[in-house]
Amino acid sequence: MARLLKSAHTEQPWRIHALAPDFTVEDVWSFRMPGSGPGDFPAALAALRASGGLARQPGPARFLFALRWKLGALLGWDDPRAGVGARVTSLRERLPADLRDAPRGEDSDALPLKGVYDLATESARELANKTVHSVMHLGWVRGADGDHELRMAVLVKPNGRFGRLYMAAIAPFRYGIVYPALERRWEAAWREHRAASAG
């Protein structure tokens, strides 16, 4: 895994650019998918989704998420009235007809992000609360070694000054704990998928 420049996301011809021009690219990361090819993005998504969501993350990451949900409950950050379809309109309302009819991936209580669309080389999921409206975008890109890699971009629209302060406050935890945990889990999920396919 490596943290990338924001241009590694913005210079790709993703559909999300036209759908979320009012969002800011917050983070861009790449994840290794050894042995992958151009048509393996759906398999990579399936492997990630089968890897168990937040419940299968290492202890420190689970603790951070549990703490975040506890704070959110105490302070009302995650009130349904602050979510997608209430405080903010879902990005699905912006989709052109071809994307509206595209698959969107299965939603799960194990993952608070809800599906926007799944395509052959990109996927988008969103969440909203009192701090931000956020999109996790996954894209499939050929890497320097010839294999393809998964690129994750986090796009955000902070909810005012508080939202901006919130994003700044959680940045060290994202970089030091959450993203490294995702790297281990997602890359392990891809290796398990490859081993099962070869078996």
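The values are calculated or read from the model by the stated rules, or taken from the named source; none is laboratory data. Quick caveat: nothing in here was measured; it's all calculated off a predicted structure. Don't worry about glycine lacking a Cβ; one is built from the backbone with ideal geometry, like all the others, and counts go over all protein chains shown. Calculation scope for accessible area: heavy atoms of the full protein, side chains included, ligands and nucleic acids excluded. Shrake-Rupley method; radii C 1.70, N 1.55, O 1.52, S 1.80 Å.
Some observations on this one:
- Taking every protein chain into account, the accessible area of the stretch 53-188 amounts to 50 square angstrom per residue (probe 1.4 Å).
- Ordered from longest to shortest, the equivalent ellipsoid semi-axes for the chain are 26, 20, 16 Å, each the square root of 5 times a Cα gyration tensor eigenvalue.
- Reachable lysines from LYS6, criterion Cα separation under 19 angstrom, eight or more residues apart if same chain: LYS157
- Once the Cα-Cα distance is subtracted from the 0.36 nm per residue extended length, the ALA2 to SER108 segment shows a gain of 35.4 nm.
- Loop-located GluC sites (Glu not before Pro) in the stretch 92-199, at most 13 other Cβ atoms within 10 Å (DSSP): GLU106
- Rg to Rh quotient for the stretch 82-176, alpha carbon positions, Kirkwood Rh: 1.01
- Label zone of ALA97 (point 7 Å out along Cα→Cβ, amide N under 11 Å): in the stretch 1-33 this covers no residue at all.
- Debye intensity ratio I(q)/I(0), log10, the stretch 94-136, q values 0.22, 0.33, 0.34 Å⁻¹ (C-alpha model): -0.77, -1.18, -1.20
- Figure legend: label point modelled 7 angstrom from the Cα of ARG191 along Cα→Cβ; residues of the stretch 9-45 with amide N under 14 Å from it are 32-35.
- Candidates GLY83, GLY115, GLY72, ranked by Gaussian network fluctuation over the chain, Cα under 10 Å, top entry: GLY72
- Accessible surface of the chain, 1.4 Å probe: 58 percent of it comes from carbon and sulfur atoms.
- Here the scattering of the stretch 126-199 is modelled by Debye summation over its C-alpha atoms, one equal scatterer each and no solvent; at q = 0.23, 0.25, 0.26 Å⁻¹ the log10 of I(q)/I(0) is -1.12, -1.20, -1.23.
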